Amino acid sequence: MNATVPTDVPVEAFLAAVEPERRRAEARRVVALVSAATGTEPVMWGPSIIGWGTLHYRYASGREGDWMKVGFSPRKAQLVFYGLKDTPEGAGLLPALGEITEGKGCVYVRRLDRVDLEVLEDLVEIAYARGDLDATA
């Protein structure tokens, strides 16, 4: 079972505490962009990830759970995005995003003004449109 689950913490309360101020402003801009692209309101997942939508995953090992379709965490050093590279179409579009680095399941952005926001919106729409993940088939 996944330890990171939706909470009742208001997203705005979390955003108000983000430091430094530049990161807080970037975070608010990302929340507005992703909310508009998905047509849904964000929910806090755990103490530090803002998520949109839910998908159910099931692996051949028997492990299953729920995770956000698109997620975002405004960390002090960089912005972290979840779900953007989880489809072949999204992974293929990543090079057009701009100055990023990649982790196993996430995309890191140091400065929002160094990425193409239209490409980010496209990546969000692709990630949000995907269905549940069933790796048992």
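A few notes on this one:
- Only listed residue being touching a Gly at 6+ places or on another chain (Cβ under 6 Å) and part of a loop (DSSP other than H, G, I, E, B), chosen from Leu123, Leu84: Leu84
- Restricting attention to segment 17-74 and to residues that are within 15 Å of Ala3 (Cα to Cα) and of a type in the set (Phe, Trp, Tyr), the residue that is surrounded by the most Cβ atoms within 10 Å (Cβ to Cβ) turns out to be Trp45.
- Residues (more than 13 Å from Glu12 (Cα to Cα) and of a type in the set (Gly, Ala, Ser)) located in segment 36-48: Ala36, Ala37, Gly39, Gly46
- Gly131 within 22 Å of Thr40 (Cα to Cα), surrounded by fewer than 17 Cβ atoms within 10 Å (Cβ to Cβ), of a type in the set (Gly, Ala, Ser) and out of contact with any Pro (no Cβ under 8 Å at 6 or more places or on another chain): yes
- Scanning segment 101-121 for residues that are more than 19 Å from Ala25 (Cα to Cα) and either more than 13 Å from the chain's Cα centre (by Cα) or without any contact (Cβ under 8 Å) to a residue 24 or more places away in the chain (or both) yields Thr101, Glu102, Gly103, Lys104, Gly105, Val119.
Quick note: the coordinates plus some simple rules give every number you see, no bench work behind them. Predicted model only: the values in this text are computed from it and were never measured. Neighbour counts are summed over all protein chains in view; Cβ atoms, including those assigned to glycine, are modelled from backbone coordinates with ideal geometry.
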